[in-house]
1. Going by average Cβ density within 10 Å per residue, which order do the peptides 112-120, 49-57, 64-72 take, highest to lowest?
2. Taking the alpha-carbon distance from Lys78 and a cut-off under 15 Å, which aspartates and glutamates remain once sequence neighbours fewer than 8 residues away in the same chain are dropped?
3. Using Cβ counts within 10 Å as a stand-in for footprinting exposure, how do Ser58, Ser245 rank, fewest first?
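Since every read-out is calculated from the coordinates, none of them should be taken as a lab result. Remember, it's a predicted structure, so these values are computed and weren't measured experimentally. Glycine also receives a Cβ, built like all others from the backbone with ideal geometry; neighbour counts cover every protein chain displayed.
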Amino acid sequence: METSTGAAGRSDSTPVVAADAPDTAGRTAGAGETAGATAAPVVRPAAPPASLSPSRASDFMQCPLLYRFRVIDRLPEKPSEAATRGTLVHAVLERLFDAPAAERTAPRAKELVPGQWDRLRESRPEVMELFAGDPEGERLARWLAEAERLVERWFTLEDPSRLEPAERELFVETELDSGLRLRGIIDRVDVAPTGEVRIVDYKTGKAPRPEYAEGALFQMKFYALVVWRLKRVIPRRLQLVYLGSGDVLTYDPVQADLERVERKLLALWEAIREATETGDWRPRPTKLCGWCDHQARCPEFGGTPPPYPLPVRATGSAAV
Ligand code: SF4
């Protein structure tokens with residue numbers, strides 16, 4: 001069984017979820033199943049899915065055809081203001097921990113915004129498309145001010161001067177006994193002197209209504225499962241920090257939770273494998289279609305998907 005963790009290397013991350021849809025972190029989980037979220041004209045060959053991340057698992061649950069477009073066809077998507085702002089805010093929060101504890105103040109964090117924006121523009125020039133029709137820079141100024149507000153709100157929810165993260169932007173990957181490879185990027189891992197682990201994720205959107213909290217926690221339980229498999233320790237606490245609304249959602253998982261998530265992921269992976277082999281990727285329209293970049297190719301909106309780029313199993317033959 002192969003497992004690994006490492007620095008996430010956010011500089012090459014790309015927005016994957018449109019705008020202030022449920023996940024606004026706007027990042028991918030690493031190579032191999034990166035959503036085509038950049039408008040850069042890089043054509044990558046289609047490939048069968050090799051692993052699962054929380055974002056891609058959510059894509060499949062939301063709409064199998066969306067999953068296909070992102071993971072198999074790897075179709076490019078336009079950067080979005082909200083997802084790009086999420087990437088910027090995450091970078092600022094991460095970098096603030098480079099400073100000594102006493103200097104981790106809101107003004108210091110806000111000062112980091114312009115520099116991190118410059119870095120983001122350099123690593124992903126396509127984000128400037130967002131402000132192409134803004135010669136005076138007014139929209140950009142408002143967008144940056146909103147990023148500063150989100151950064152500032154963090155200080156009403158957590159006190160970074162009292163935190164010493166064990167890990168930031170941690171890339172994690174593990175292979176389950178079934179062979180399913182799970183991967184993801186954890187925003188922050190805190191480890192108490194007693195050894196208890198807390199997994200923290202920042203969201204630049206608003207907290208979901210209570211009836212949707214389970215969906216939000218799915219990603220965190222996914223990470224908890226990976227950490228459990230990697231470190232043999234069940235994280236004591238999962239914490240979602242919603243900068244958009246100023247809420248913190250926590251959950252203390254138990255082993256049964258993580259076993260349930262594992263069963264769910266295995267079932268999901270089976271469904272993905274079946275769709276990959278048959279080429280049967282159904283659209284599942286919801287109100288989230290409003291955020292989808294692929295309406296023009298979607299049958300639900302009168303479009304036609306591109307030819308399926310992978311070989312399909314002959315009708316009637318069983319999957320191997
Ligand atoms: S528009 Fe909606 S149904 Fe069509 S691919 Fe996108 S998310 Fe799926």
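1. Those peptides, ordered most packed to least, come out 64-72, 49-57, 112-120.
2. Asp20, Glu126, Glu129, Asp293
3. Sorted ascending by nearby Cβ count, the order is Ser245, Ser58.
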